[in-house]
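First the structure, in the form of structure tokens, and then the observations on it.
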Amino acid sequence: MTVPMAGVLSGNLRQGLRASALTILAAIALGGCSMTLGSLTPSPEPREEPAQITSSANIASLSETIKNNPDNPQAYNMRGSVLAQAGKTDEALADFNKAISLDSNYGQAFANRGQIYRKTKRLDQAMSDYERALALDANYAPAWLGRGLVHKARGEAAQALDDFNKAIALRPDDADAYYNRGLLYQGEKQHQFAIEDFSTANGLAPQQFEPLLGRALSYLALGKAKEASADLDEAVQDDPQNVQAWMSRGLAYERLGDKVKAAGSYGRAINLHPKDEAARSAFARVGGKPGENYATF
């Protein structure tokens, strides 16, 4: 059985959101201007897989399978996938290399290796692997998605959009593709299209908070603070350690005139990142006073 690596969203999601976005959020709030979301969007990188998938016992079991089947490329691809999701990038890469050496027409292994290269910023190698995977199977949706992400990282928006569209056409139930196309639209300031894609991704993967955060940022860009606050209420409950979600929520409630919830949200961001000047500035801007308690809900 072959097991492709998980997509960018499904099962295994983002490790975190860039803290630098908080500075931009503060600047937006101070300036009262329209929001430029290029560096505010959630990172499309995965966070760790559930423990039962990436456990040492599971890896050991796969290693035993390889010991008993040393010439089986599927076994190396499977273990490489689990190792990659566990964050063991070098070991995963070695397994994908082995799988490809055993079967030079193994498209999934090329696509999986391409994801490793993409995550480690080796974009030319990633592009080569994705294109090889697509040459072997033009209907392999994860390769279209992966190649689209490489185009996006290179600033090639039109090519990225084409690839995301292809991925969606092949797998219209894949939340990953909608989510990443939404990020692309968001970066191009096509916020209504972004909202539609984030909504679809949320419907397909309601257990994940990232589409909610993405949609909230586009709502804020369109001046729809009430809609943004509803999404962010849910997002911060799904991931209470996410600084960007708390900062975004603070801005939404600040725009709604609810300074108590705004202060509470900014205060939570400060608790998570005590030295963050953007959070401290926003907290003071809405009248927050150190040492006082503010309701967040």
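The values are calculated or read from the model by the stated rules, or taken from the named source; none is laboratory data. What you are looking at is a predicted structure, and each value in this text was computed from that prediction instead of being measured. Reconstructed Cβ throughout: ideal geometry from the backbone, glycine too, with neighbour counts over all protein chains shown.
Quick rundown of the values:
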quantity	calculated
Subset of segment 65-83 that is of a type in the set (D, E, K, R) and closer than 21 Å to Ala111 by Cα - its residue that is surrounded by the fewest Cβ atoms within 10 Å (Cβ to Cβ)	Asp71
Selection within segment 197-210 - touching a residue at least 40 places away in the same chain (Cβ under 8 Å), under 26 Å from Arg268 (Cα atoms) and part of a helix (DSSP H, G or I)	Glu210
Residue among Gly148, Gly182, Gly214 that alone is closer than 30 Å to Asn105 by Cβ and touching a Phe, Trp or Tyr at 6+ places or on another chain (Cβ under 8 Å)	Gly148
Criterion violated by Ile168 - all others in (1) part of a helix (DSSP H, G or I); (2) in contact with a helix residue (DSSP H, G or I) (Cβ under 8 Å, 6 or more places away or on another chain); (3) within 30 Å of Asp258 (Cβ to Cβ) satisfied	(3)
Pairs, first in contact (Cβ under 8 Å) with a residue 12 or more places away in the chain and part of a loop (DSSP other than H, G, I, E, B) in segment 67-86, second surrounded by fewer than 20 Cβ atoms within 10 Å (Cβ to Cβ) and acidic (Asp, Glu), C-beta under 8 Å, six or more apart	Ala86/Glu48
Residues satisfying the stated conditions in segment 178-196, i.e. closer than 18 Å to Gln115 by Cβ and touching a residue at least 40 places away in the same chain (Cβ under 8 Å)	Tyr179, Asn180, Leu183
Residue check, Gln108 at pLDDT 95 or above and not hydroxyl-bearing (Ser, Thr, Tyr)	yes
Residue list for segment 116-148, filter: in contact (Cβ under 8 Å) with a residue 60 or more places away in the chain, crowded, with 20+ Cβ neighbours inside 10 Å and not hydrophobic (A, V, I, L, M, F, W, C)	Pro142
Those residues of segment 232-257 which are of a type in the set (S, T, N, Q) and surrounded by fewer than 23 Cβ atoms within 10 Å (Cβ to Cβ), in sequence order	Gln237, Gln241
Test: residue in segment 138-161 that is outside any helix (DSSP H, G or I), in contact with a Gly (Cβ under 8 Å, 6 or more places away or on another chain) and more than 20 Å from Ala194 (Cα to Cα)	yes
Of residues in segment 258-297 being of a type in the set (A, V, I, L, M, F, W, C) and assigned to a loop (DSSP other than H, G, I, E, B), the one surrounded by the most Cβ atoms within 10 Å (Cβ to Cβ)	Val286
Unique match (being crowded, with 22+ Cβ neighbours inside 10 Å, in a helix (DSSP H, G or I) and over 18 Å from the mean Cα position of the chain (by Cα)) among Ala216, Ala194, Ala228	Ala228
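Conditions tested, residue by residue: (1) basic (Lys, Arg); (2) under 22 Å from the mean Cα position of the chain (by Cα); (3) closer than 30 Å to Ser56 by Cβ.
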site: Ala99; (1), (2), (3): no, no, yes
site: Arg122; (1), (2), (3): yes, yes, yes
site: Pro142; (1), (2), (3): no, yes, yes
site: Asp163; (1), (2), (3): no, yes, no
